[in-house]
Amino acid sequence: MKILGIETSCDETGAAIIEANSPVSIILKSNTLASSLSLHAKTGGVIPEIAARQQLHYMIPVLDETLKKAGYSAFDIDAIAVTYGPGLIGSLLVGVETAKTLAYIYNKPLIPVNHLLGHIYANWIGQEKEIRLPAIGLIVSGGHTDILLLKSHTDILLIGGTRDDAAGEAFDKIGRLLGMPYPAGPHIEAAAKKGNPKKILFPKPMIHSNTFEFSFSGLKTAVLREIKKYPTLTEETINDISTSVQQSIIDVLVAKTIQAVKAYNVSTILMGGGVSANTLLGESLRRSLKTYDENISLYIPKKQFCTDNASMIAAAAFFQNKPVDLNNVSANPELYF
Ligand code: KG4
Ligand code: ZN
């Protein structure tokens, strides 16, 4: 089954084609990504109107290139998958209306996909090992920090999330305070490698609470308070702050994920979203799991599939495989679980 995926929830215009025959045979045929990121780097966050206009600009060329690279015409595709939320309304509209138009013209089934689930399904791309459910899903992106219980591909429960800022948002806002460009996650990760982890200690919000909830906005305030102690921010201080703040975020994410694994007695963890590209996060979770139970399988998408892309949307559609009447598909910026 050849699925064309379209992803336009934020500042990335993505299209991808997968050939999926079974859960252990999801082969990526082509994957194209255009981004308006450079236009937002200076402002410290995405400007919705600019992102939407760039989506319009890139959508057709990205689709053309994706089909060309795979060596297919639109007639060869068996189904079209599209992100219908959550995200920025203007950006989402471009992808959804394009997908509906293509589905109508070429008479193909249309499968709307929740972007957040897409992040989890990035783990199936090129995966040769059978991923067993039930699983705990940890979505750590710029807009979300959620813990899911995936009982099956169609029975998915939200068991916890953030009360305020998402993990990626915390990285981005703290990075901005440190003078880093958007998105700051990779810059904090790089600076953290050179910092002294013992110099500054930040709180680890809600680490001991018995819920699966997170709260990262206080960290930003703690960093701001720390910064005010110094007349100027030297590179050394930026590195030390980066190390400690990254450690706090990672410790909370690891603790809550293991707490969820214990509570629901699962042996699979599926991570996804931009922050799962953070190497130390993956290493720390793997290390902690080893001391808890050696038999738990942790899946983290390949780096290029952690951040937004369309292959994960096509992969999710293979498992959801629920085509919807074109008239009933519309962009939903507030979509959740
Ligand atoms: O999943 P994603 O591409 O977009 C959303 O759906 O939000 O995630 C983007 C987020 C940004 O906040 C970015 O700073 C963060 O992922 N991120 C990272 C790393 N790479 C990206 N955070 C920490 N460490 C990284 N290496
Ligand atoms: Zn995302």
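Using only protein heavy atoms and a 1.4 Å probe, report how much of THR234 is accessible, in Å² to the nearest 10.
Using a 1.4 Å probe on the heavy atoms, I get roughly 60 Å².
Determine the relative contact order of the chain: mean sequence separation of Cα pairs under 8 Å and six or more apart, normalised by residue count, in whole percent.
The value is 25 percent.
Once both labels are modelled 7 Å past Cα along the beta-carbon direction, what's the GLU236-ALA190 spacing in nm?
2.2
Just ILE80, ILE105, ILE250 to compare: in a GNM of the chain, with alpha carbon springs under 10 Å, which one fluctuates most?
Among ILE80, ILE105, ILE250, the largest GNM mean-square fluctuation belongs to ILE105.
Does the stretch 220-268 come out rounded, prolate or oblate by the C-alpha gyration tensor, with a ≥ b ≥ c the root eigenvalues, rounded set by a/c under 1.5 and, if not, prolate when a/b is larger than b/c and oblate if not?
Working: a/c = 7.59, a/b = 3.34, b/c = 2.28.
Prolate shape, in that a/c is at least 1.5 and a/b is the bigger ratio.
Could you tell me whether the stretch 79-193 comes out rounded, prolate or oblate from its Cα gyration tensor? Rule is a ≥ b ≥ c as square roots of the eigenvalues, rounded for a/c under 1.5, then prolate if a/b exceeds b/c, otherwise oblate.
The shape class here is oblate.
Relative to the first principal axis of the alpha-carbon coordinates of the chain, what is the inclination of helix 311-320, with its axis defined by its Cα atoms, in degrees from 0 to 90 and to the nearest 10?
Tilt of helix 311-320: around 70 degrees.
Using helices alone, what [θ] at 222 nm do you get for the chain, with -39,500 (n - 2.57) per DSSP H run of 4 or more residues, divided over all residues and rounded to the nearest 500? Display every interim value, and only then the final one.
Details: 11 runs with 140 residues, N = 337.
Only helices count here, giving -13000 deg cm²/dmol.
May I ask you to derive the relative contact order of the stretch 24-180, considering only C-alpha pairs under 8 Å and at least 6 residues apart, and to give it as an integer percent?
Dividing the mean separation by the residue count of the stretch 24-180 yields 19 percent.
For ASP293 and ILE27, calculate 0.36 nm times their separation in residues minus their Cα-Cα distance, and state this gained length in nm to one decimal.
92.6 nm is the gain from fully extending ASP293 to ILE27.
Rounded to the nearest 20 Debye, what is the dipole magnitude of the chain about its Cα centre when Lys and Arg each give +1 and Asp and Glu each give -1 at the C-beta?
It comes to approximately 760 debye.
Using +1 at the C-beta of Lys and Arg and -1 at the C-beta of Asp and Glu, which of ASN210, VAL245, ILE269 has the Cα lying farthest in the positive direction of the dipole of the stretch 184-337?
Farthest towards the positive end: VAL245.
Rounded if a/c is under 1.5, else prolate if a/b is larger than b/c, else oblate: which is the stretch 251-337, with a ≥ b ≥ c the root eigenvalues of its Cα gyration tensor?
Prolate, because a/c is 1.5 or more and a/b exceeds b/c.
The values are calculated or read from the model by the stated rules, or taken from the named source; none is laboratory data. On a predicted model such as this, the values are computed, not experimentally measured, just so you know. Virtual Cβ from ideal backbone geometry, glycine too; neighbours counted across all protein chains shown. Please note that ligands, DNA and RNA were not included when accessible areas were found on the heavy atoms of the full protein model with its side chains. Shrake-Rupley method; radii C 1.70, N 1.55, O 1.52, S 1.80 Å.
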